[in-house]
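Novice: Structure below; questions to follow.
Taken together, the values in this text are just the output of simple stated rules run on the coordinates, not laboratory data. These numbers were taken from a predicted model, which means no experiment stands behind them. Here the Cβ positions follow ideal geometry from the backbone for every residue, glycine too, while neighbour counts run over all protein chains shown.
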Amino acid sequence: MESVEKVRADLARNLRMLRAAARVTQEDLAHRANLQRSQISQIEQEQGNPSLKTLCQLADALNLVVSELLSPSLVLNSRGDD
């Protein structure tokens, strides 16, 4: 069974990486996801326990599925769509 700390660390790492890859600031992501910037910051700093609703909002804002946010082995590939 995975520990909460491990899942929280994976989420923090993935959110930072995916947000950077999308060239989106915490403020921009918060606006897109209808969240507070402080919520994004807390998640990226491995603090708190975001709700499923929050994870869905983040995934939608980044055009992802929730499993990508939680993946322990996320690898970014160039999609070639820019």
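Novice: Note down the magnitude of the dipole of segment 4-70 about its Cα centre, charges +1 on Lys and Arg C-beta and -1 on Asp and Glu C-beta and zero elsewhere, to the nearest 20 debye.
Specialist: 40 debye
Novice: Based only on other Cβ atoms within 10 Å, what is the fewest-to-most ordering of VAL66, VAL4, VAL75?
Specialist: Least to most surrounded, the residues fall as VAL75, VAL4, VAL66.
Novice: Here's another thing I want to ask about it. Match the structure shown to one of the listed values (i) 7.8; (ii) 5.2; (iii) 14.4 of mean projected area of the Cα convex hull in nm², computed from it, and give that label.
Specialist: The value computed from this structure is option (ii).
Novice: Return the loop-located GluC sites (Glu not before Pro) in the chain (DSSP other than H, G, I, E, B) with at most 15 other Cβ atoms within 10 Å of their own Cβ; answer none if there are none.
Specialist: GLU2, GLU46
Novice: Moving on to the next point. Exactly which trypsin sites (Lys or Arg not before Pro) in segment 1-80 are in a DSSP loop and have at most 16 other Cβ atoms within 10 Å?
Specialist: Within segment 1-80, the qualifying trypsin sites (Lys or Arg not before Pro) (loop, at most 16 other Cβ atoms within 10 Å) are ARG23, ARG79.
Novice: How much FRET efficiency would the formula 1/(1 + (r/R0)^6) give for ASN49 and ALA22, where r is the Cβ-Cβ distance and R0 is 25 Å, rounded to 0.05?
Specialist: My answer for the efficiency is 0.55.
Novice: Now for a separate question. From the phi of every residue in segment 38-49, what ³J(HN,Hα) in whole Hz does the Karplus formula 6.51 cos²θ - 1.76 cosθ + 1.60 yield, where θ is phi - 60° and glycine or proline is x?
Specialist: With coefficients 6.51, -1.76 and 1.60, one gets 4, 5, 4, 4, 4, 5, 5, 9, 6, 10, x, 10 Hz.
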